[in-house]
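Written out below as structure tokens is the structure these notes cover.
Throughout, read-outs are computed from the coordinates displayed, never taken from laboratory work. This structure is a prediction, so every number in the text was calculated from the model and none was measured. In this analysis, Cβ positions are derived from the backbone assuming ideal geometry, glycine residues included, and neighbour counts consider all displayed protein chains.
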Amino acid sequence: MSVEQAATPPPPTPGSRRVFGSWSAAARWPAVWFFIALSIAGIVILGIAFGPAIAEAPGAFVLAVVLFAIHGAVFVTIIRAVDWLEPEPRWLFAAALIWGGFVASANALRANTALESILVKMTSLGFVRDWAAAIEGPTDEEILKTLGIVMIVLLARRQINSVLDGVVYGAFVGLGFQEIENITYSLNAVAAAGDDSLSAVLQVFVVRGLLAGLWSHTVYSAIAGAGVAYAVLHRERSWFNRIGVALGALALAWLMHFLWNSPAAASLTDYAGSYGTLLVLLIKGLLILGTFLVLLHFFRKDEYEGVAGPLESLHNPWIATHNEIVALRGWRSRGRARWNAYVYGGMRAYGRVRQLQRAQADLAVDMRDNGPAGYQARMPELQRARYGVHELGITDADALHPTTTSGMISFILAFAVLINPIFLILPLGFLVFGVARARSRRQRADPRLRTAAILALVFALAYLVSVIARSAALV
Amino acid sequence: MGGGGSAWRRNLVGCIVVAAGVLGLSLGVPAIDRAIPDATVSSTNPLEFADNASVVPPPDATVVSDQTSPDQGVVTMAVDGVRYRLSAESFPGTLQQLADRIRGVVQNVAGIQAISPDQPVTSNSGIPGLQATYVGENRTGWYTVYLSDGTGVTAVVDGNDAGVTEHRDELEASVRTVVIDRTT
């Protein structure tokens with residue numbers, strides 16, 4: 001056996017998500033070494049560029065890292081929820097984050113500086129002032145991030161099984177870029193303020209993290225990732241078609257980034273002041289996010305059908321009833337099925353339905369990828385999960401639920417917490433009362449009771465954070 | 001069993017393409033930038049270096065592109081090796097505070113030996129300012145600050161003795177052409 005053969009990732013093992021058979025096999029795969037080398041180079045470039053700023057303001061740097069790590073963790077949770085049906089390996093997620101955070105951002109730093117210099121030489125200062133960000137950022141950054149998605153394909157081609165996989169890896173590359181860029185912006189803001197200023201970091205966090213965070217690099221790269229995944233998966237199509245779609249997705253990502261960075265509709269801000277600025281940002285952001293969510297809907301539908309098909313074909317309610325297959329579709333329906341279980345049998349039932357859903361999705365994915373061998377490998381896990389649910393008296397872990405007036409009232413009352421946090425007691429009261437009554441009558445409860453309670457808690461938490469921030473500002 | 005070797009080679013080629021793309025942007029774009037000469041600017045028309053600030057450049061000045069950041073209101077020009085940097089920013093303090101800030105920066109530059117007291121100056125458009133000259137090891141220069149309606153402009157001329165002396169008149173004339181538009 002040659003070195004090359006030993007290094008080639010083995011065919012997928014049913015029941016396992018491992019990419020390489022061993023560390024030594026991974027070490028003989030070229031992509032691993034290219035990835036490591038480029039990552040180290042990126043870290044060195046960033047270290048040289050921002051090391052002095054970090055040494056000048058260590059407190060602000062630590063605060064920025066903590067804030068944007070929390071910010072990033074929220075995004076990771078959301079992306080993982082999108083990716084729930086077929087979770088990708090964590091080390092590949094980490095690789096995508098590292099590429100975005102260190103390789104793409106470090107090289108974009110160099111390319112953006114040079115491109116701005118070229119624009120200064122070839123156009124007017126006024127043009128550069130207005131349009132440089134709209135030209136440099138999308139051009140350099142989107143290409144570098146998309147190369148990261150290609151690198152993920154080179155690291156683990158077999159992990160790309162649907163267009164949604166490309167979206168997920170692209171989102172992680174974009175997220176890594178976004179958070180490191182946020183930290184570097186914080187350092188620049190601190191340097192401009194002239195001291196180890198924590199308020200400058202908080203300002204960057206509010207503007208870039210909260211106001212602009214939802215429609216930023218994570219979204220752009222997710223779109224580009226869809227194109228890369230399409231090109232990788234659809235080998236039955238012509239090269240022209242595959243490359244065309246990949247470049248089209250990259251062009252859409254570029255356009256979204258361009259729209260966000262461009263001074264389009266800037267004149268509105270001249271007339272309407274800061275409210276006009278916010279309005280323009282909101283319109284741009286919602287346009288970008290809306291486009292992405294529409295596309296995401298179709299990508300998720302595609303992945304769900306790839307999972308639901310094998311389960312439906314079995315016609316075996318012991319493995320999955322029709323209602324359970326329907327419940328697997330999205331995070332809301334999965335959550336409602338677990339909510340029904342919780343109302344019926346508490347946290348134990350909640351956990352067991354979750355295990356069943358996981359086992360059903362794993363079985364379907366393994367059947368899709370490995371056929372009967374995948375079925376055999378995943379059946380024991382599913383049997384255990386089904387026994388666990390059956391033991392509690394749940395025969396159909398569906399997401400069917402009632403819609404009640406109390407649920408609606410509770411949802412509306414959650415917004416009262418924005419006026420005064422004392423109103424938190426109302427949605428919580430509705431929740432406790434609703435669950436207790438449903439249990440006593442052996443009925444289901446409206447899931448909006450839970451949604452309202454969570455929303456109210458988030459609002460109360462936001463209120464608490466704002467109070468602390470105001471106190472800190474006064475000090 | 002050529003499939004494994006073929007996959008390994010395809011992976012290697014793919015990696016080389018990705019690395020080439022990264023290096024193309026990281027090294028190639030700066031190389032293109034270096035190959036393009038700095039742009040000469042007109043010495044008769046005002047150069048808007050910020051949203052609300054402009055200056056008429058001295059004759060034969062080129063914009064040093066890698067030390068210019070229009071979105072931050074910074075432009076650096078070069079005249080026969082003498083650097084001429086202007087920056088405009090929102091400044092809530094007084095003219096003296098603006099002058100003290102740039103004085104602090106200049107004092108911390110290695111090799112600076114002496115700085116004159118601030119002298120009042122006025123731009124051609126009537127904006128009040130302060131100016132001070134400094135000398136160092138084989139170099140000299142001066143800074144000028146103007147403040148109008150909350151916008152501060154700082155102009156710093158810096159170069160070797162011969163260059164600054166030779167171009168002093170046109171550089172001083174240029175500094176006096178600074179205009180700060182009223183912000184609405």
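Between the helical axis of B:95-107 and the longest alpha-carbon principal axis of chain B there is an angle of about 60 degrees.
Build a GNM of chain B with springs between Cα atoms under 10 Å apart, and of B:Val63, B:Val164, B:Val22 the one that fluctuates most is B:Val22. For the peptide A:149-159, the mean number of other protein chain Cβ atoms found within 10 angstrom of a residue's Cβ is 3.
Only helices reaching 27 angstrom along their own axis (Cα) with mean Kyte-Doolittle hydropathy no lower than -1.0 count here, and for the DSSP H runs of chain A these are A:30-56, A:58-82, A:163-193, A:239-261, A:266-314, A:448-474. Rg/Rh for chain B stands at 1.21; both radii use Cα atoms, and Rh follows the Kirkwood definition.
Each part gets one Cα centre, and for the stretch A:75-142 versus the stretch A:194-264 those centres are 8 Å apart. Legend: mean number of C-beta atoms from other chains within 10 angstrom of residue C-beta atoms, peptide A:140-146, equals 2.
With neighbours defined as other Cβ atoms within 10 Å of a residue's Cβ, the residues B:Asp51, B:Asp158 order from fewest to most as B:Asp51, B:Asp158. Taking A:Lys121 as the anchor, which aspartates and glutamates have their alpha carbon closer than 17 Å to its alpha carbon, excluding any fewer than eight residues away along the same chain? A:Lys121 reaches A:Asp130, A:Glu136, B:Asp33, B:Asp38, B:Glu48, B:Asp60, B:Asp66, B:Asp71.
A Stokes-Einstein calculation at 20 °C with viscosity 1.002 mPa s, built on the Kirkwood radius of the stretch A:301-403 over Cα pairs, returns a diffusion coefficient of 160 µm²/s. Other protein chain C-beta atoms within 10 Å of residue C-beta, averaged over A:95-108: 1. For A:Lys145, the lysines whose Cα falls under 26 Å of its own Cα, not counting residues fewer than eight places away in the same chain, are A:Lys284, A:Lys301.
Under a Gaussian network description of chain B, with springs only between Cα atoms under 10 Å, the residue in B:Ala19, B:Ala114, B:Ala35 that fluctuates furthest is B:Ala19.
The angle between the Cα long axis of helix B:3-23 and the main principal axis of chain B comes to about 10°, on a 0 to 90 degree scale.
Volume per residue for the stretch A:105-196 equals 120 cubic angstrom (convex hull of Cα atoms). Neighbour counts of other Cβ atoms within 10 Å put A:Leu63, A:Leu363 in the fewest-to-most order A:Leu63, A:Leu363.
Measuring max minus min along each principal axis, the C-alpha atoms of the stretch A:24-81 give extents of 42, 36, 15 Å (largest first). Residues considered: B:Val135, B:Val29, B:Val156. Largest GNM mean-square fluctuation over chain B, using C-alpha springs under 10 Å, is found at B:Val29.
Against chain B, whose longest principal axis comes from its Cα atoms, helix B:161-175 is set at around 80 degrees. Amide H contacts of B:Gly141: B:Tyr134, each under 5 Å away and 5 or more positions distant or on a separate chain (H built 1.01 Å from N in the peptide plane; Pro and chain starts excluded).
Along its first, second and third principal axes, ordered by size, the protein assembly as shown spans 93, 71, 39 Å in Cα coordinates. Ordering B:Leu171, A:Leu109 by the number of other Cβ atoms within 10 Å of each residue's own Cβ, fewest first, gives A:Leu109, B:Leu171. Reducing the stretch B:52-79 and the stretch B:143-184 to their Cα centroids gives an inter-centroid distance of 11 Å.
What whole-number volume per residue, in cubic angstrom, does the convex hull of the C-alpha atoms of the stretch B:35-114 give?
Dividing the Cα hull volume of the stretch B:35-114 by its residue count gives 136 Å³.
Packing-based ranking of A:239-250, A:30-41 yields A:30-41, A:239-250, ordered from highest to lowest mean Cβ neighbour count within 10 Å. In this rough spin-label picture, where each label sits 7 Å from Cα along the Cβ direction, the A:Ala193-A:Val465 distance is 1.8 nm. Calculated mean residue ellipticity at 222 nm for chain A: -26000 deg cm²/dmol, from DSSP H runs with n ≥ 4 weighted as -39500 (n - 2.57), summed, divided by the residue count and rounded to 500.
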